[in-house]
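The values are calculated or read from the model by the stated rules, or taken from the named source; none is laboratory data. Just so it is clear, the structure is predicted and the values come from calculations on it, not from any experiment. For neighbour counting, all protein chains shown are included, and Cβ atoms are generated from backbone atoms with ideal geometry for every residue, glycine included. Remember, those area values only see protein heavy atoms, side chains included, never the ligands or the DNA or RNA. Shrake-Rupley method; radii C 1.70, N 1.55, O 1.52, S 1.80 Å.
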Amino acid sequence: MAKILITEDEDSLRTFVARALRLDGHETEEAADGAEGLEKLKAGGYDLLLSDIRMPVMDGIELAHQAHLTCPGMKILLMTGYAEQRERADDLMEKIVDVVAKPFALPDIRKAVARALAA
C-alpha cells in the first residue's frame with residue numbers, strides 16, 4: 001500500500017481521512033498546514049500528497065508547486081470546499097491528479113485516493 005501525507009488545517013477532517021485510509025492499508029502521516037507538510041515531504045518517501053487548498057501559513061496551491069519540485073514523481077491530490085480555490089488549481093493540472101470537492105463522503109475520498117495512486 002501507499003505512504004500518504006495528509007495536509008489539512010481542520011483537525012477533525014484530517015484525523016477522519018487518515019483513519020479511513022489506514023483502514024484501507026495505507027500508511028499515513030499528517031500535517032496541519034502547508035509549511036509543516038513541506039517539511040515532512042523533504043524527508044521523502046511519500047507516494048501521495050493529499051492536501052487541502054485553503055490553509056494558513058502556506059496554502060495547498062503553493063504546497064503543490066513546492067511538492068512537485070521536491071518530489072517530482074509523487075502523486076498530488078487536492079481538496080477544497082471553495083469553487084474559486086478549485087479554479088486557482090487549474091494551472092497545476094499537469095502537476096496534480098485531481099481536485100476533490102468538500103464536503104465528501106468516506107467512499108468518495110477513498111475512491112479518489114485509489115484513482116490517484118493508480119494514475
Suppose every K and R has +1 on its Cβ and every D and E has -1 on its Cβ; what is the size of the dipole of the chain about the Cα centre, in Debye to the nearest 20? 460
Segment 1-66 - charge dipole about Cα centre, Lys and Arg +1 at Cβ, Asp and Glu -1, debye rounded to 20: 220
Dipole of segment 1-114, positive direction: furthest Cα of Gln66, Thr28, Pro103, with charges on the beta-carbon: Thr28
Calculated mean projected area of the Cα convex hull in nm² (choose from [x] 6.2; [y] 7.2; [z] 9.8), label: [x]
Under the helix-only model (-39500 (n - 2.57) for each DSSP H run of 4 or more, divided by the residues of the chain), the mean residue ellipticity at 222 nm, to 500 deg cm²/dmol, is -13500 deg cm²/dmol
Of the heavy-atom accessible surface of the chain (probe 1.4 angstrom), what whole percent is carbon and sulfur? 51
